[in-house]
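Right, one structure below, let's go through it.
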Amino acid sequence: MRKDLGVKTYIYPQPVLIIATYDQEKHADAMNAAWGGISDSGEVMLSLSQGHKTVQNILAGSDLTISIATADYVKECDYVGIVSGHDVMDKLEKASFHTFPSTQVNAPIIEELPLTLECRMKSYEDEIMFVDIINVSVDDGILTDGQIDVDKLKPITFDPAHHTYRQLGAVVGKAFQDGLKLK
Ligand SMILES: Cc1cc2nc3c(=O)[nH]c(=O)nc-3n(C[C@H](O)[C@H](O)[C@H](O)COP(=O)(O)O)c2cc1C
């Protein structure tokens, strides 16, 4: 038997994206965003409330980096999602995150998060932002044979029903191949 749950944002898995920007004094800020994803090749869509310091930084000229939150930094990634840079200037220091400037865009990279998309805003309308991916920066500690190793990255996902974070699980199939058995 199926049950109706009404209008809920229950897409699984949801990402945990950590968006980092600079303010006009080159002070780094970051926030947590679950509502985002690939919208085209080389392009990401983010649903971002305009009151966030992150959005104001971007509208004032900062680029942005989008890092994938990992199981090793759950409390730090959650912290940047519950405290605003408007209220806590040294938010990243409080989270014990360290940053260095991207060489590709005008935005900080968080050292502790090993997979980072370096991005530039294309548009922002009705709180939906489209950004171009300029480059992907990766710590080589999460690579195996030159490719992202998900077991080393340990990405977490957001469960909107229980407000919990979960680590991405085991391989259960091969994309573009397993379905061929039914063709
Ligand atoms: C799990 C989680 C997911 C979130 N997803 C979003 C999101 O998709 N869009 C958004 O605008 N805010 C989202 N937030 C809220 C912002 O991260 C939060 O308001 C943050 O403090 C904004 O920081 P800032 O003002 O320094 O930019 C999320 C927070 C958490 C904890």
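Return the residues of region 109-133 that are of a type in the set (V, I, T) and either in contact (Cβ under 8 Å) with a residue 60 or more places away in the chain or over 20 Å from I38 (Cβ atoms) (or both); say none if nothing qualifies. Write out each step before concluding.
Initial filter on region 109-133 (of a type in the set (V, I, T)): 109-110, 116, 128, 131, 133.
Residues satisfying the conditions are I109, I110, I128, V131, I133.
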Out of (1) surrounded by fewer than 23 Cβ atoms within 10 Å (Cβ to Cβ); (2) under 19 Å from K154 (Cβ atoms), what's the single condition that is false for Q56? (2)
For region 39-94, the count of residues that are outside any helix (DSSP H, G or I), near the ligand (Cβ under 8 Å from one of its atoms) and among the polar types (S, T, N, Q) equals 3
Here is a list: I128, I156. Which entry is farther than 12 Å from T65 by Cβ and touching a Cys at 6+ places or on another chain (Cβ under 9 Å)? I156
Of the residues in region 79-112, those that are touching a strand residue (DSSP E or B) at 6+ places or on another chain (Cβ under 7 Å) and among the β-branched types (V, I, T) come to V80, T99, V105, I109, I110
Any idea which residue in region 103-123 is farthest from D40 (Cα to Cα), counting only those that are surrounded by fewer than 17 Cβ atoms within 10 Å (Cβ to Cβ) and hydroxyl-bearing (S, T, Y)? T103
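Of these, D149, D145, D132, which one is of a type in the set (D, E, K, R) and in contact with a Lys or Arg (Cβ under 7 Å, 6 or more places away or on another chain)?
Values: D149 fails: in contact with a Lys or Arg (Cβ under 7 Å, 6 or more places away or on another chain); D145 fails: in contact with a Lys or Arg (Cβ under 7 Å, 6 or more places away or on another chain).
Of D149, D145, D132, the one residue that is of a type in the set (D, E, K, R) and in contact with a Lys or Arg (Cβ under 7 Å, 6 or more places away or on another chain) is D132.
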I156 meets each of (1) within 15 Å of the ligand (Cβ to nearest atom); (2) part of a strand (DSSP E or B); (3) surrounded by fewer than 16 Cβ atoms within 10 Å (Cβ to Cβ); (4) not hydroxyl-bearing (S, T, Y) with one exception, condition (3)
How about region 26-37: which of its residues are part of a strand (DSSP E or B) and near the ligand (Cβ under 8 Å from one of its atoms)? D29, A30, M31, N32, A33, G36
Given (1) within 14 Å of the ligand (Cβ to nearest atom); (2) within 25 Å of L168 (Cα to Cα); (3) out of contact with any Pro (no Cβ under 9 Å at 6 or more places or on another chain), where does D23 come up short, assuming only one miss? (2)
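We did not get these values from a lab; they are worked out from the coordinates using the rules stated. Worth saying up front: this structure is predicted, and the values here are computed from it rather than measured. Note: ideal-geometry Cβ built from the backbone for every residue, glycine included; neighbour counts use all protein chains shown.
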